[in-house]
Each structure stands twice: as C-alpha cells, then as structure tokens.
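Only one structure is covered here, and it is reproduced in the block below.
What follows is calculated from the coordinates using simple rules that are stated; it is not laboratory data. Bear in mind the structure is a predicted one, so any value in this text is a computation, not a measurement. Using ideal geometry, Cβ is built from the backbone for each residue, glycine included, and neighbour counts are taken over all protein chains shown.
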C-alpha cells in the first residue's frame, strides 16, 4: 500500500453510523457531567476511544459537535423529561404543570445546558451555529405562545411568552447551577433530591397562581 493511499484513508470511518453516534453519546455524557469549557475534542476522543481526526471528519470542529449534542439532548431528554420544544395540549393548568415538571427534570439532567447554550453557541464564531441557537430558543418561546393562545384567557391570563420562557428556564437553571449556594443556606443534613422536588412544587404553585385569571 502506497504512502498516498494511507494518508487518504487516515481519519476516515470504517462504520460511519456507529462511529458518529458513539462520539455524540460520549460528548453528551461529558457535557452532562462537566462545564462545557472542560470538554475538549481531545477529551471526547480519549473517552470515545477514537482518533481526534475522526471527530473532525464527522463534525468539522468542536462548535458543530456541541450544537449537534444540544439538539440530541433536546430531542432525547434523559428519563421521562419533556423537551423545551414540546407543545401543550388539553387542560391548560395540567399541561403547564406537566411542562414545568419536565423542564425542571431536563435541567437537572443537563445542569450545564444553559452555560453550553450561552457560552458556546450564542457566542460561536459560526453564523450558522448562532442561527441554529436562536431557532432553538424561538421554538421554545413559540411553544409558550401556542399554549397561551390555546387557553385563550379561559383559565390563565395572557402574558408575554418571552418573559414566561425566560422566567421558567432562569428559575430552575439557577437552582441547579447554584448548588453550592443551596448547600450553604440549608442544614447540613438536607436531602437535596427532596429539596429539589419541594422547590419544583413551590415554583409551580407560584407560577400557576401568578398566571391564574382573576
């Protein structure tokens, strides 16, 4: 085999589907465990047991890979969480409650998601990546708008869907990302899992009472 043929084959996948999915799954696992800045291509390659050149072959660069991982997280959330792009149906209060619970569980399963979205995608050099990031958020806002429109003021008062989206994401993201603060202001023997469930109930009650039509 000539040196030229060897070079042409270097970095090319032997099984594109399996290799690509393995890289995405590995990157997702790492991004669920570590701050995005710590998740380098070399770390992903080492954990996936692949050559870094193979990652560049599939995704061109780290930013494109991160965008694909975010899309995978939203499309296939951990556990039984509903994604931030899921619409609403049926009873307005129940639908809203289901969505809030799903959002909370999603953020708990991907606690660095907002840092990933803001630090890596919103500030990306690629205009295409920034556009995709914007579209992801606009779809989520549109879902809240559709929910308000479907209720049509029957049970809940009409509010700005942008503010509702920012509020719900912000509340749960801070609770998850500020765990050191939560630990500092609660008794040492506090069960954080139980506290998280209580916090979810508190937020849901707060939001539903705030939205309830008077």
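Listed values, structure above:
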quantity: Kirkwood Rh and Cα Rg combined as Rg/Rh, segment 156-214; calculated: 1.07
quantity: Over the chain: helical MRE at 222 nm, DSSP H runs n ≥ 4 each giving -39500 (n - 2.57), nearest 500; calculated: -21500 deg cm²/dmol
quantity: Least to most buried among 171, 118, 107 (fewest other Cβ within 10 Å first); calculated: 118, 171, 107
quantity: Relative contact order [Cα under 8 Å, 6+ residues apart], the chain, whole percent; calculated: 19 percent
quantity: Per-residue Cβ neighbour rank within 10 angstrom, fewest leading, 206, 66; calculated: 206, 66
quantity: Segment 118-183: C-alpha gyration tensor shape, a/c 1.5 cut-off, then a/b vs b/c; calculated: oblate
quantity: Residue exposure sequence - 135, 21, 120 - by fewest surrounding Cβ within 10 Å; calculated: 135, 21, 120
quantity: Distance (nanometres) between label positions extended 7 Å along Cα→Cβ at residue 190 and residue 115; calculated: 2.0 nm
quantity: Packing-based order for 180-188, 139-147, 95-103, using average beta carbon neighbours within 10 Å, highest first; calculated: 95-103, 139-147, 180-188
quantity: Fully extended contour minus Cα-Cα distance, from residue 179 to residue 25, at 0.36 nm per residue; calculated: 52.9 nm
